[in-house]
Structure formats: structure tokens, C-alpha cells
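A quick write-up on the structure given underneath.
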Amino acid sequence: MSAVESTTDMDIFKRLEEEKAPQLIFSGEYTKAMDQNFHKDHLACHHCDKKLVACRYILKEEQPYCIPCYQEQFAHNCEECKKAIGPDYKDLSYKDRHWHEFCFKCCECGKSLVDQAFAPKNDQIYCSDCHDNKFAARCDGCGEPFRGGDEKLGTEGMKKFEYKGKQWHEDCFCCMICKDPIRNKSFIPRDNEVVCVPCYEDQFAQKCSKCSGVINKGGVAYKNMPWHRECFVCTNCNKELAKEKFTSREDKPYCAECYGQLFAKKCCRCEQPISGFGGTKFISFEDRHWHSDCFVCHKCEQSMVGKGFLLNDGHVVCPDCGRQ
């Protein structure tokens, strides 16, 4: 037969206490917290067992903690003053770093950064103005920094123009002549400066000797003078001379045909101009002129170049024909 085990009320309460099981509350004195009822002696700090009746406490992971234990176990230390950020203060955080609300300020000017734009640098935090003044790149024109924008204020950062290792604010990147900002216009470098296209064309560009217009491309030069290809033409017939044989008279260009017709000597035999183009040889005698190929005996037509000749009624004849 099995022995019968007897259990007293004290044994039951002892077992319930050991198992942390809910206990009946017979007393009229109890306290209510966390939507539960507690014996007054049982509402205690989860860490130090300090009684919490009529005391402030904080829940962490559904467990109550007295204020000192909560600060010791869970509160962050302020980056500025190194003190714990207790429950009575706002905890401002940025990238796992924490500050009291009144400690979150610019390390340079001391301005509060609560609800303000800020920038970290070398483990310090700066307001936008101090950060830009201390670290931002500066304009090679005015020397002022390039300031960033502020999303909260809806402002954009400054535009930066870069050229040949230098940088400018949008309004500082200007033409060296008219001083107007270049912005999105074309420009031309000049003596380590920049010049807008209209100013460059007016001040520095080559201009056609005929029409005085700017030569942008396809120009030709003659006697150290620039011309548009379409402007460099024969003075007489207006034929373009860029790819033609030509010469000049009184500093005016002429094509070979017009020059020959207007100014060249005429051959006494064929009456065509003796232009001299292409190495053409000619013979002259007493203000009369012949092409080398035309300097022949008037009767037998043998060449008289380098030979003795006679004039017969104004015609060149060889000695044999002259004796006939």
C-alpha cells in the first residue's frame, strides 16, 4: 500500500513562492501595475528588488526597473557631457552616438542643432555654416565656400563649375571681358581666363579681309591676311580662288584667266596672253613678245629659240628664208 502524502497550506504557499506562480491576494491591501495586481511587497525592481510601490519605474522588455537601475543598465551616455541620458531627458541619436537635447550643439559656435541641419567631421558635429566655413571647398573667384542645401528648409546646394582644376560659384564663373556669368553658354579659354563666344569673336577672332565677318572655320590666308573661302574670289569674275591658280595686281587677287586677259603681255604670233603660270617661257625683242613655242620662222616655221633671226616686214624669219 502506498503511503498517503499530506500537504499543509503553508507547504502550498511555499511551493507557489518557489515556482513564482501567481498567488491569491487575501489582503485588502494590494497595488495595480502593468494591468496586473500585486502584493505590495512583490512589485519590485527586476534588477535590485527595490520595492516600487509609490515609486517611479520604467518598463523594459515588460519588466519594471527603478530609475537608478534603468539608467545604469540601459541609458546611453551623452557624447558631449559623458553623463547618462536619463528618462527625464530626450535622447538624440546619430549613427549610434547619443546626446542630451541641450548637449546637441555645434562644437564650433555652440548653436543648438535640434531640428537644424548639421554635418559630422572628425568625430565632431558642426552646424552647416561652421562646417562650410571650416571644411567646404572655396570658389576660386570670390573665395567664399560652396554651401550645401537644407532639406528641411527646401534649399538646394550651390552649383559648382569646374575647369582646369579650378572651381567657381555659378555667378562667379564669368567672361573676362563682359563679366557676365557663363552658366550654360559656350566659352573659349584665353590667357588662363574664359571668354564668352560673342566677346571672343568681337575682341580676338580673325575677321575676313573682305566682309569683316568672323572666320569660324574654313578660312584661307593670303599675304598674311585672312579670308573666308567664299570671299577669296577673283576681283574680275568672282570665281573662288581657294583651289585655283591666281596672282595679284595692286593687292587684288585675280584668277589666271582674268589676269592674262587684263594685264599680261600678248604673244605677237598667237595673240594669246603670256601669263607666266606653270613656268611658261617667252621671248622678248624690242617691246614685242612671243611664247617660246610661237617664236618660229614666219616662212618655214622652224623654232628660232637660241638662233639668229631676221625681221622681214615685221615678221621673224630664219637667215635662209631671209635671203630668198
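Structure summary
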read-out	value
Filter pass, E79 being at pLDDT below 80 and over 30 Å from E193 (Cα atoms)	no
Residue in region 123-135 that is under 30 Å from D91 (Cβ atoms) and in a loop (DSSP other than H, G, I, E, B) present	yes
Filtered residue count, region 61-76, keeping only those that are part of a strand (DSSP E or B) and loosely packed, with under 14 Cβ neighbours inside 10 Å	1
Candidates E144, E79, filtered to the one that is of a type outside the set (A, V, I, L, M, F, W, C), in contact with a Cys (Cβ under 9 Å, 6 or more places away or on another chain) and surrounded by 16 or more Cβ atoms within 10 Å (Cβ to Cβ)	E79
Within region 285-324, tally of residues that are surrounded by 11 or more Cβ atoms within 10 Å (Cβ to Cβ) and within 26 Å of T247 (Cα to Cα)	9
Matching option when the condition is under 49 Å from the mean Cα position of the chain (by Cα), over 30 Å from D313 (Cα atoms) and either buried (at least 18 other Cβ atoms within 10 Å of the Cβ) or touching a residue at least 40 places away in the same chain (Cβ under 8 Å) (or both), among C211, C258, C175	C175
C199, sole failed condition from (1) part of a strand (DSSP E or B); (2) touching a residue at least 24 places away in the same chain (Cβ under 8 Å); (3) not assigned by TED's automatic domain parsing to the domain that holds G143	(1)
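To keep it simple, each residue is scored yes or no on (1) in a loop (DSSP other than H, G, I, E, B); (2) over 60 Å from the mean Cα position of the chain (by Cα).
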| position | (1), (2) |
| --- | --- |
| W227 | no, no |
| E244 | yes, no |
| T247 | no, no |
| C268 | yes, yes |
| I283 | no, yes |
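The values are calculated or read from the model by the stated rules, or taken from the named source; none is laboratory data. Please read all numbers here as calculations on a predicted model, not as lab measurements. No Cβ is skipped: glycine too gets one built from the backbone with ideal geometry, and neighbour counts run over all protein chains shown.
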